[in-house]
Structures are given as C-alpha cells and as structure tokens.
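Visitor: Sharing a structure, written as structure tokens. Questions coming.
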Amino acid sequence: MRKFQMRRILRQSIVWTAMACTLSLLSPVLATTTVQLPAWVCAHPDAIFVNGFESAAAITQLPSNGSGGALGSISRTVSVAGYGTHTFYLRVPASYSPAHPVPLVLALHGQAGSPAAANTAAQSVRNTWASIADANGFIVIVPVATGGSGGWIAPPPNPSDYSIFAAAIADAESAYNIDRSRRIGWGFSAGGHVMHDIMYNDFGAPVSIDTFAAYSVSAGALEAFACSNPTTCNALVATASRRIPIDLHVGNSDPLLPYVSSDRNIFLNNGWVTSSNLWFTTFSGGHTYSATHLAEAWSHLCPFQALP
C-alpha cells in the first residue's frame, strides 16, 4: 500500500483543488456514454457486426482502419516525445482480419522489482491473456513499466508511463483495425492501482476515463494510489463523468481484500449496480491472478462500448 505513497502525498493538494472545482462545475451532460451491446456480439465474436445476422440490428462502431500488423505474440516499439522509445507486447489472434474492427485490451502488470523483471512481467501478462484473446477475437497490448523498481511512473508531470499507454494504443490502432469504442483496461496489483487512477484523476495525461468502455482490476485498490482514505475515495468517485462498468477480482487471503471490499461499497454508494455495471469476485487464494479470472472479467465487460 506504500508503493506510490510519496507521489500520492504530493498529489493531495492538487486532487482536492481539482475536486472542489469539479463538484461546482459538474454538468449532467456527459462527454462519453456507456452503451450495452446485444448479446450476440460477445457470443459470436467472429461475426460481421453489421447485417451479420438477419435478426440483428446494426450497431455503431468506431473503426481505426489500421492494417499491416503481424499476428500472434509479438512486440512493437513506440517513441514518446521527451520520454524515449519503449517496447510493448501484443497478442493478436490468428482469426484477426483487418476487414472487421476488434476490441482492444490494455493490460498493466504489477510492480516487478526491477526494470528487467518488469519486462518479464509484461510478457507473462500477455501470455496469460493470450488464450482469452484468441477465443474471443480481441487484441491485447501490454506496456512495460519504466520505474527503477519495475513500477509505473504516473503524472504529474507529463510525460509519464501514462504517455506510453496512449502511444501504445495509438500505435496498435494504426497497425490494426480496432473498434475504438471497445477499449477495455485491466491491471494487476500496482497496475490495478494505476487503472483506478486513470479513471478518476485527471492530471493532463493522454489517457482518461473517456479512453475506455470499461475496466477490470485484479488485486488493486483505490486507496493504494488514486486517493488516500475511504472519505477521499468516495468524494473522488462521486465526481466521475460516468458510471463506467467495473470488474473487481481479489483473493480471500489477499491483504488488500478489506480495501477492495471498501471500493465495492464506494461504487455502490455512488450509483453503480451489482451485476449491471459492477462485478465483485472473491476467489480462494492470495495476491495473484489467473487466466480464469481474466476470462471472467472479459465476460462481464465484453458487452460494453463507450460512444461520444
């Protein structure tokens, strides 16, 4: 719970100033809308979405129209102005065709201990997601944390590792035909802390709640980084621009269980609804994740898209 402590302390005055302004200016008109897709979209991920079934109504997509990327487990590099060149890892299913836009999952590993270990952790995350991506026809991208302890560097200032996230998404969308309305975020441990931070804090980073249709956190907590205690976390979530669908997974022997349980209550207190746009799953185990958990998260979040 102390991995981001110093940065979080430096943020608090900024957070409370921003929250005070947001609470006074918050409008009922939202910039982005969450839409739930027909069940057949997830049941038949290889279908042609428009006119693919006689009984299916056409759905809205936001195709990136990229083409030319390789298939399988690969890596690509991106350059971020003022932040250097960075590698990220991808899984592109063999079923992918540039003729049809597909969803994208941005997956963030946990704090690894060193830069070399972060690189290994990113590949492990990609490999664990691979079978779910292959079975469900989406692309996974996994950046590598740049911190000295194998953890994420968050804003402020910018650029930061959040800039790598945005660059990796943009690069994938230029190389593949991604449905930009169906970007899903996921993070484990410190990566989960970061996912919460992206959704509810805005420090001018190039990724935000509007980047994603939904997100999932495995063994991560709001209080670990995005906010400092249940009161500030509740106030922060209350300012969210929309009730973005959320999946939470945590082990029943994970030390973070009480914090994740508190997060569930905070979301419920602020209008999220169980099994509608909020899923809370405990499993037998500790501070970990598995392909089974990822498949469950995907099944919960697959039906959602975000439209302007």
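The values are calculated or read from the model by the stated rules, or taken from the named source; none is laboratory data. Values in this document were obtained by computation on a predicted structure and should not be read as measured data. Cβ coordinates were reconstructed from backbone atoms using ideal geometry, including for glycine residues, and neighbour counts include every protein chain displayed.
Visitor: Within the range 231-289, take every residue that is among the small types (Gly, Ala, Ser) and more than 29 Å from Thr33 (Cβ to Cβ) and give me the one that is surrounded by the fewest Cβ atoms within 10 Å (Cβ to Cβ).
Guide: Of everything passing the filter in the range 231-289, Ser284 is surrounded by the fewest Cβ atoms within 10 Å (Cβ to Cβ).
Visitor: Would the range 98-116 turn up any residue that is modelled with pLDDT under 95 and over 15 Å from Ala172 (Cα atoms)?
Guide: Yes, the range 98-116 has at least one match.
Visitor: Do you know which residues across the range 207-243 are in contact with a helix residue (DSSP H, G or I) (Cβ under 7 Å, 6 or more places away or on another chain), touching a residue at least 40 places away in the same chain (Cβ under 8 Å), in a loop (DSSP other than H, G, I, E, B) and closer than 21 Å to Ser64 by Cβ?
Guide: Val207 - this is the single residue of the range 207-243 that is in contact with a helix residue (DSSP H, G or I) (Cβ under 7 Å, 6 or more places away or on another chain), touching a residue at least 40 places away in the same chain (Cβ under 8 Å), in a loop (DSSP other than H, G, I, E, B) and closer than 21 Å to Ser64 by Cβ.
Visitor: Failed condition for Ala145, given (1) under 20 Å from Ala81 (Cα atoms); (2) assigned to a loop (DSSP other than H, G, I, E, B); (3) over 16 Å from the mean Cα position of the chain (by Cα); (4) of a type in the set (Gly, Ala, Ser), with all others met?
Guide: The one condition Ala145 does not meet is (3).
Visitor: Exactly one condition in (1) free of Cβ contacts under 8 Å to residues at least 60 places away in the same chain; (2) more than 16 Å from the chain's Cα centre (by Cα); (3) buried (at least 18 other Cβ atoms within 10 Å of the Cβ) is not met by Asp171; state its number.
Guide: (1)
Visitor: Continuing with the same structure: Listed residues Gly204, Gly150; which is outside any strand (DSSP E or B), closer than 12 Å to His109 by Cβ and of a type outside the set (D, E, K, R)?
Guide: Gly150
Visitor: Please go through the range 76-100 and pick out each residue that is surrounded by 15 or more Cβ atoms within 10 Å (Cβ to Cβ) and touching a Phe, Trp or Tyr at 6+ places or on another chain (Cβ under 8 Å).
Guide: Answer for the range 76-100, where residues must be surrounded by 15 or more Cβ atoms within 10 Å (Cβ to Cβ) and touching a Phe, Trp or Tyr at 6+ places or on another chain (Cβ under 8 Å): Arg76, Val78, Arg91, Val92, Pro93, Tyr96, Pro98, His100.
Visitor: Is it the case, given these coordinates, that His300 is in contact with a Phe, Trp or Tyr (Cβ under 6 Å, 6 or more places away or on another chain), within 29 Å of Ser131 (Cα to Cα) and either modelled with pLDDT of 95 or more or part of a helix (DSSP H, G or I) (or both)?
Guide: Yes; evaluated as a whole, the condition is true for this residue.
Visitor: Right, another one. Pull up the range 174-199, narrow it to residues that are aliphatic (A, V, I, L, M) and part of a helix (DSSP H, G or I), then point me to the one that is farthest from the chain's Cα centre (by Cα).
Guide: So the residue we want is Ala175.
Visitor: Can you name the residue in the range 87-115 that is outside any loop (DSSP other than H, G, I, E, B) and either among the aromatic types (Phe, Trp, Tyr) or free of Cβ contacts under 8 Å to residues at least 12 places away in the same chain (or both) and is also farthest from Val41 (Cα to Cα) among such residues?
Guide: Phe88
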